[in-house]
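Here's the structure, in structure tokens; my notes come after.
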Amino acid sequence: MSLAPHEICKRLGEAKFKEMFLALSSAAMKASLMEVGLPATRQANQTSLKKRNEEWAKRLWSTVLAGKSSCKVMMFEWLRQTKSDLLIAFLDAVGVAHQKGLTDADFMKDVPDEKLTAAAKLLLAHPTFDHREVAAYLLFLDFSNETNKFSALELERQLAG
């Protein structure tokens with residue numbers, strides 16, 4: 001069974017989770033909060049956008065700790081907004097047409113497992129990609145496509161450090 005986004009986030013830890021969340025646009029932050037039913041309004045004690053964003057990150061993290069199904073929107077937006085080089089490298093390696101790392105192709109079904117695994121190993125060994133972020137991406141791909149294509153790579157162990 002593939003790891004759900006909130007479990008991926010939990011295993012990455014609070015510091016990495018907050019770093020990911022705070023890298024998002026305000027619209028993506030709000031969408032991430034709304035996914036779990038948290039209000040996306042500014043409180044009186046939030047005297048700056050920074051304080052507001054940090055409070056939002058803290059509240060969303062508490063839903064992760066509570067085991068609520070969350071983080072799908074946040075992970076997608078984090079990948080889309082901040083990790084396009086990683087997405088591009090993977091899709092190029094598996095030979096899938098894309099626009100800046102995004103595609104409508106059903107490549108997890110259409111590309112042979114061996115090719116997907118080989119591309120995953122290339123990313124994990126890449127000198128400039130954080131192996132934890134690569135593992136999170138690959139696990140998110142498996143979850144989103146309801147597959148276990150990368151299970152042999154034991155990616156869960158890479159998330160913690």
Open item on the list: Take the residues in the range 85-114 that are touching a residue at least 12 places away in the same chain (Cβ under 8 Å) and more than 19 Å from F143 (Cα to Cα); name whichever of them is farthest from the chain's Cα centre (by Cα).
Closed with: G95
Task: Among (1) more than 20 Å from F21 (Cβ to Cβ); (2) surrounded by fewer than 17 Cβ atoms within 10 Å (Cβ to Cβ) - the single one Q158 does not satisfy - done: (2)
Open item on the list: Take the residues in the range 1-10 that are under 13 Å from the mean Cα position of the chain (by Cα) and in contact (Cβ under 8 Å) with a residue 12 or more places away in the chain; name whichever of them is nearest to A152 (Cα to Cα).
Closed with: L3
Task: Search result, residues across the range 115-153 that are β-branched (V, I, T) and either within 13 Å of the chain's Cα centre (by Cα) or assigned to a helix (DSSP H, G or I) (or both) - done: T117, V134
TODO: May I ask you to list pairs of residues, at least six apart or on different chains, whose Cβ atoms are under 6 Å apart, with the first in the range 11-33 being within 14 Å of R52 (Cβ to Cβ) and the second being outside any helix (DSSP H, G or I)?
DONE: K30/A40; L33/A40
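Residue-by-condition table, conditions (1) small (G, A, S); (2) under 21 Å from R11 (Cβ atoms):
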site: A27; (1), (2): yes, no
site: A31; (1), (2): yes, no
site: L38; (1), (2): no, no
site: K50; (1), (2): no, no
site: V64; (1), (2): no, yes
site: M74; (1), (2): no, yes
site: I88; (1), (2): no, no
TODO: For S69, state whether it is within 30 Å of L91 (Cβ to Cβ), under 20 Å from the mean Cα position of the chain (by Cα), hydroxyl-bearing (S, T, Y) and buried (at least 18 other Cβ atoms within 10 Å of the Cβ).
DONE: no
Open item on the list: Can you find a residue that is outside any helix (DSSP H, G or I), at pLDDT 95 or above and surrounded by fewer than 18 Cβ atoms within 10 Å (Cβ to Cβ) anywhere in the range 85-95?
Closed with: yes
TODO: Take T117 and decide whether it is without any contact (Cβ under 8 Å) to a residue 24 or more places away in the chain, outside the structural domain of L12 (by TED's automatic domain parsing) and of a type in the set (S, T, Y).
DONE: no
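The values are calculated or read from the model by the stated rules, or taken from the named source; none is laboratory data. From a predicted model like this one, the values you see are computed outputs, not experimental measurements. Neighbour counts run over all protein chains shown; Cβ positions are idealised from the backbone, glycine included.
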